[in-house]
Amino acid sequence: MNDPVLSLKDAMVRYGTTTTVAGVSFELFLAETLGLVGESGCGKSSVARALAGLTPLSSGRLFIDGHDVLPKRRPGKPHARDKVQLLFQDPAASLSPRMTVSTLLAEPLKIRRDFSLANWQALLELGSGIGLGPQLLHRYPHQLSGGQARRVALLRALAAKPQIIIADEPTAGLDISVQGELLNLLRSLQAKLGLSYLLISHNLNVIGRVSDRVAVMYLGQIIETGPTQTIFRAPAHPYTEALLSSNLTVRADRRRERIVLKGELPSPSNPPSGCRFHPRCPVARPVCAKVSPELVRKPDGRAVACIFPVNETAVPHAIAG
Amino acid sequence: MRFILDIARSPGGTFALVAVALVCLAALAAPLVAPHAPNAIAPVDRLLGPSLEHLFGTDHLGRDLLSRLVYGSRVALGIAFSVISISLTAGVALGVTAALSPRAVDLLIVGLFDVVTSFPSIVLALALVAVFGPGLGNVVLMVSIVFIPHFGRVARAQTLALRNSTFIEAEVVLGAERWRIILHHVIPNIIGPIFVLACMDIPVVITIEAGLSFLGLGVRPPLASWGNLLNDGYTYLDQSIWPALSSGLALMVATLGFSLLGETLRDTLDPKLRKAL
């Protein structure tokens, strides 16, 4: 396989005594879409912020295109983080309120010391490709509709010539038809520009529709990851299974029996012993409270962190010491 | 242009614009507007009431009050604008620095602000002028120091509120330089309330200057300043109310004008209140 464009190793993010990301590793490959799913509070947004450089990693390493992100970012000098852009959950809030759209769009070019008439026109052309007409250029962010603000934020991110785009809940607040439009747009941009996406969402329909691979997070850890189809068809982790069963699908043949989890998501500042999911797990056994399972790669391409995976002839694998 | 029309839309704004324009015009075109020389003494005409010749009457040396008020506006506005520009610049620089710096620097700057604000502004200005001596230059400098925390505090608070907002984070992700974030994204978004504050502080500076002059620590007597005029008027109040009344009126119009302008500005500057398109 090719070298990953992004690789995160044993990342931890701590805020005070709370560890929101507790040892997350994954890789993202060229022109691939990885979907990161999990309920609110599982740490997926912390992962996004850490990748974008907004939150420092407490430990762990991050390589982008093979370069460590640790060296300080200096204006005008190339840096590994230049290749990553983040689409914020609230795109309107990510636009500086006293700038017109044209100033906002010119800014990434100026920051990259890349502003020229040719580049500006190329950007505007890319803009009309994603439905941003020149009539919006003199508007202020508060004069834009939600969809327009989203496109401006997207075009701004593209102007920075990223290789990787992290999208935090890209479809939040959009109705279904617009969601589909946006996802198609993201896909066509991926095909055109060879972008790699990390899509962060709690919406399984969105993730399932566009992701090549998914990673399921629970309480700061990835508990299952692998090709989307494999995992959606036959989840191995009881949490993934419960998550998928809660998903509404219109197709009756795909409807699963709903698994309702007991209790609430525990506090990340005081995670349960052993497997973090065991207090809520429908198939937990006593050993689950003692041993914390590692992500183990399976022959079908997935990796799962569970001692007693479902949909598998239950052979407890290596129970570490 | 549309901006001025926006301000003029409310009655308070209209009054503010007229009053401020009047005072500014008087200050800029003093030699053209003043009917008499401001320092021409005419002992025969002392303490006259209003007449066609002397619209506001004369003072105890027979000088034309209107002319002195017109020339006084130069001193008042000159001092006010200099003080405000110095303290606004220094205050915003310090306040933004405090908000974006490590805790130790922040505490130091806020501590300085606290020391300055712990004295009533007129008392501190008085003490500073008493130590460094009266005179126009010193008055401007000392009053500026008194007003720095005003702007510094607001700038710091605004910046703190802004620091973690999404659009600043978006700039960080784009790799924007620190100066770009401060100049293009922080300052334009905090400057509205600061301009409003500046407008509302102008009358305060004018009254402090008048107060200092009234106490004999500001502008030296032959030069017409509203404070001096008020002081003279106060001395001869039992013989004629016109010197005190007219200088008080001038102070009032200027003060009210700038305060109302500040308030109207506050409402107009908020882009969200402005209708789209």
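The values are calculated or read from the model by the stated rules, or taken from the named source; none is laboratory data. These numbers were taken from a predicted model, which means no experiment stands behind them. So basically every Cβ, Gly included, is an ideal-geometry build from the backbone, and we count neighbours across all protein chains shown.
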Worksheet entry | Verdict on residue B:122 being within 14 Å of chain A (Cβ to nearest Cβ), in a helix (DSSP H, G or I) and touching a residue at least 24 places away in the same chain (Cβ under 8 Å) | no
Item to complete: Tell me which residues, restricted to region B:154-191, are free of Cβ contacts under 8 Å to residues at least 24 places away in the same chain, of a type in the set (Val, Ile, Thr) and either facing chain A (nearest Cβ under 7 Å) or touching a Pro at 6+ places or on another chain (Cβ under 9 Å) (or both).
Response: B:166, B:172, B:173
Worksheet entry | Any chance residue B:50 is in a loop (DSSP other than H, G, I, E, B), within 15 Å of residue B:74 (Cα to Cα) and either of a type outside the set (Val, Ile, Thr) or touching a residue at least 12 places away in the same chain (Cβ under 8 Å) (or both) | no
Discussion item. Here is a list: B:175, B:78. Which entry is more than 21 Å from the chain's Cα centre (by Cα) and modelled with pLDDT under 95?
Written reply: B:175
Worksheet, complete the sentence: Flagged in region A:54-97 as within 7 Å of chain B (Cβ to nearest Cβ) and modelled with pLDDT of 90 or more, in numbering order, are A:54, A:85, A:86, A:88, A:90, A:93, A:94, A:95, A:96, A:97
Worksheet item: Among A:180, A:147, A:131, which is modelled with pLDDT under 90, more than 10 Å from chain B (Cβ to nearest Cβ) and within 19 Å of the chain's Cα centre (by Cα)?
Response: A:180
Response to the item:
Checked against (1) surrounded by fewer than 17 Cβ atoms within 10 Å (Cβ to Cβ); (2) charged (D, E, K, R); (3) in a helix (DSSP H, G or I), residue B:68 satisfies every condition except (1)
Worksheet item: Looking at region A:15-36, is at least one residue within 14 Å of another protein chain (Cβ to nearest Cβ) and in contact (Cβ under 8 Å) with a residue 60 or more places away in the chain?
Response: no
Worksheet item: Given the structure, is residue B:82 in a helix (DSSP H, G or I) and of a type in the set (S, T, N, Q)?
Response: yes
Worksheet entry | Number of the condition not met by residue A:171 [criteria: (1) in contact (Cβ under 8 Å) with a residue 40 or more places away in the chain; (2) surrounded by 18 or more Cβ atoms within 10 Å (Cβ to Cβ); (3) hydroxyl-bearing (Ser, Thr, Tyr)] | (1)
Discussion item. Looking at region B:215-259 only, could you name the residues that are among the aromatic types (Phe, Trp, Tyr), over 20 Å from residue B:22 (Cβ atoms) and surrounded by 15 or more Cβ atoms within 10 Å (Cβ to Cβ)?
Written reply: B:236
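So that you can scan it fast, the table gives a plain yes or no per residue for (1) assigned by TED's automatic domain parsing to the domain that holds residue A:52; (2) part of a helix (DSSP H, G or I); (3) of a type in the set (Lys, Arg):
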{"position": "A:166", "(1), (2), (3)": "yes, no, no"}
{"position": "A:170", "(1), (2), (3)": "yes, no, no"}
{"position": "A:186", "(1), (2), (3)": "yes, yes, no"}
{"position": "A:190", "(1), (2), (3)": "yes, yes, no"}
{"position": "A:198", "(1), (2), (3)": "yes, no, no"}
{"position": "A:232", "(1), (2), (3)": "no, yes, no"}
{"position": "A:235", "(1), (2), (3)": "no, no, no"}
{"position": "A:247", "(1), (2), (3)": "no, no, no"}
Worksheet entry | Set B:97, B:58: member being touching an Asp or Glu at 6+ places or on another chain (Cβ under 7 Å) and crowded, with 16+ Cβ neighbours inside 10 Å | B:58
